[in-house]
Amino acid sequence: MAKITNICCLGAGYVGGPTCSVIALKCPEVKVTVADLSKERIAQWNSDKLPIYEPGLDKVVKTCRGRNLFFSTDITKAILEAELIFISVNTPTKIVGNGKGRAADLKYVEGAARLIANTAQNDKIVVEKSTVPVKAAESIANILKANQKPGVSYQVLSNPEFLAEGTAIDDLLNADRVLIGGEESSEGRKAIEALCSIYDHWIPRENIITTNTWSSELSKLAANAFLAQRISSINSLSAVCEATGADVSEVARAVGLDSRIGSKFLQASVGFGGSCFQKDILNLVYICECLNLLEVAAYWQQVIDMNEYQKSRFSIKIVEALFNTVSGKNICILGFAFKKNTGDTRESPSIFIANTLIQEGGSIRIYDPKVEEDQIFEDLTHPSITHSPELVRKNVTVYQDAYSACEGCHAIVVCTEWDEFTNLDYDQIYQKMMKPAYIFDGRKILNHQQLMSIGFHVQTIGKRI
Ligand code: UDX
Ligand code: ADP
């Protein structure tokens, strides 16, 4: 395989956009085109307001856009020109049919594969980047082969993306490892080598790992399952702490200092969210069930169940503390994104908590520095969340700053760990709240002693106050 000079990426989302922007930055001699079916999304990528908020992304896009980075809806042209094509389309959980609610819906991946097969006029390396179930690369290869034109051949690689939102650019620039899975044949090895030569521009060779395709696919699900498992483990202990008087932060510190365990991903919280953890674990569970590995399936399912328990435990705590009724009370939710430094709300615990409080009759105010009002209403009125969108519209107000959101409230609920929430003037906020004034710190980011000295009633995760 000759040197790669032209790359195309199908899907301009949270994965495709930042990944290809960094490839364009580090490989100035390679033309990178990110193509998407959505005209609106591509127009945003070509504007000053990018469709996703990600620290550092604006700068990278500004440096490369128009130089060797292009965003386009002309998918055919992008495929024709490219030697290497990333598939970074969405892989939601199936909502109907066999495996509904658990299995990954591969319709977009399949659509992308068919598009490539119908368009390509010469050999292509097709790289699966979306998180997909084990053996998805095989399905892509099958579709490509079944529709192969004479003289055109394909190599399918798996190159899972490990970036986390909010730190995507740093994660891409300083990746712990890059994983490339491919066919164990001489063509397969050549394709792997071609993709390695792209990452070689900035990732040390010893951090580029090559495996067979299935190991690569399974490693991605496994990495996310392990990370989520750590959060569910510490969250499970947070319940024990609240019942016994132990402090989960002290426990996490003591446990994390064991170098075999490590300190990362031991932050007890209101529960994990994001587009990957739940989806990937459900996927893993489904695969295990299909393989008749029922004990393995049950083991990983428990990580999800614990997360549901944590979210509902926190919601119940709020209602109980407010004299067992929030009906007619103003409650301010600070943070709607699933973590700080992103505007993404997929599977955000805030959705669950807001919904519970709405169903309990509360009047909910929401402020998040990066989530748009439309997105909040879309999430809260989604049919999978509520049967009464009218109730949501009546009882939810979105604010543009924390101070006005808190004014006249009975309680504040911190759901996302945005830095700005630690720096608010809580004295001023307290003056304008109903009394007794409550704060529920679902992220353990506030100075609880100081809040109590102001007069707040404070409750948090994993510690009795
Ligand atoms: C995750 C993986 O980290 C990344 O490697 C993969 O490519 C995609 O999925 P992401 O979902 O973007 O990334 O964010 P992450 O930082 O992993 O956080 C996920 C959720 O876990 C967030 O809701 C976060 O607040 C929560 N979390 C994280 C905790 O509750 N406690 C922790 O200690 C860490
Ligand atoms: P992720 O978080 O995995 O990046 P997103 O939902 O943010 O997922 O982005 C996936 C993108 O893929 C969407 O913008 C969607 O329009 C796009 N997409 C879906 N199918 C195709 C396709 N066949 N060709 C190009 N883009 C596609």
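The values are calculated or read from the model by the stated rules, or taken from the named source; none is laboratory data. Predicted, not measured: the structure shown is a model, and the values here were computed from it. Quick reminder, even Gly has a Cβ in these numbers, built from the backbone with ideal geometry, and neighbours come from all protein chains shown.
Brief remarks on what is shown
- Matching residues, the range 125-139, being more than 16 Å from ligand 1 (Cβ to nearest atom) and modelled with pLDDT of 95 or more: Ile125, Val126
- Here the condition is being assigned to a helix (DSSP H, G or I), crowded, with 18+ Cβ neighbours inside 10 Å, small (Gly, Ala, Ser) and out of contact with any helix residue (DSSP H, G or I) (no Cβ under 9 Å at 6 or more places or on another chain); of Ala191, Ala225, it holds for Ala191 alone.
- Number of residues in the range 194-222 that are of a type outside the set (Phe, Trp, Tyr) and assigned to a loop (DSSP other than H, G, I, E, B): the value is 4.
- Within the range 105-115, at least one residue is within 15 Å of ligand 2 (Cβ to nearest atom), among the aliphatic types (A, V, I, L, M), modelled with pLDDT under 95 and surrounded by fewer than 24 Cβ atoms within 10 Å (Cβ to Cβ).
- Qualifying residue in the range 252-273 (condition: away from ligand 2 (no atom under 16 Å from the Cβ), in a helix (DSSP H, G or I) and either modelled with pLDDT under 95 or of a type in the set (Asp, Glu) (or both)): no
- Residue that is nearest to Cys276 (Cα to Cα) [pool: residues in the range 2-16 that are within 14 Å of ligand 1 (Cβ to nearest atom) and not aromatic (Phe, Trp, Tyr)]: Val15
- Residues in the range 58-80 that are in contact with a Ser or Thr (Cβ under 7 Å, 6 or more places away or on another chain) and farther than 12 Å from Ala24 by Cβ: Ser72, Thr76, Ala78, Ile79, Leu80.
- Residue check for Lys129: within 13 Å of ligand 2 (Cβ to nearest atom), under 22 Å from Gly274 (Cβ atoms) and loosely packed, with under 15 Cβ neighbours inside 10 Å: no
- Selection count where residues are in contact with a strand residue (DSSP E or B) (Cβ under 8 Å, 6 or more places away or on another chain) and among the β-branched types (Val, Ile, Thr), scope the range 34-54: 2
- Every pair of residues 6+ apart whose Cβ atoms lie under 8 Å, when the first sits in the range 34-52 and is over 24 Å from Gly111 (Cα atoms) while the second is aliphatic (A, V, I, L, M): Leu50/Leu57; Leu50/Val61
- The conditions of being touching a helix residue (DSSP H, G or I) at 6+ places or on another chain (Cβ under 8 Å) and hydroxyl-bearing (Ser, Thr, Tyr) are not met by Thr342.
- Figure legend. Inter-residue proximity from the range 280-297: first residues without any contact (Cβ under 8 Å) to a residue 40 or more places away in the chain and within 16 Å of ligand 2 (Cβ to nearest atom), second residues part of a helix (DSSP H, G or I) and of a type outside the set (A, V, I, L, M, F, W, C), beta-carbon distance below 6 Å, spacing 6+ or different chains. No pairs are indicated.
- Test: Val22 is in contact with a Leu (Cβ under 7 Å, 6 or more places away or on another chain) and within 16 Å of ligand 1 (Cβ to nearest atom): yes
- Any hit, the range 158-172, residues being surrounded by fewer than 22 Cβ atoms within 10 Å (Cβ to Cβ), closer than 28 Å to Ala103 by Cα and at pLDDT below 95: no
- Extreme residue, nearest to the chain's Cα centre (by Cα), among residues of the range 235-245 that are in contact (Cβ under 8 Å) with a residue 40 or more places away in the chain and part of a helix (DSSP H, G or I): Asn235
- In summary, strands (runs of 3 or more DSSP E) completely within the range 303-403 and bearing 1 or more residues that are buried (at least 16 other Cβ atoms within 10 Å of the Cβ) and within 16 Å of ligand 1 (Cβ to nearest atom) occur at 330-334.
- Screening Glu347 against (1) within 16 Å of ligand 2 (Cβ to nearest atom); (2) touching a Lys or Arg at 6+ places or on another chain (Cβ under 7 Å) leaves a single unmet condition, (2).
- Every residue from the range 404-419 that is within 16 Å of ligand 1 (Cβ to nearest atom) and part of a helix (DSSP H, G or I): Asp419
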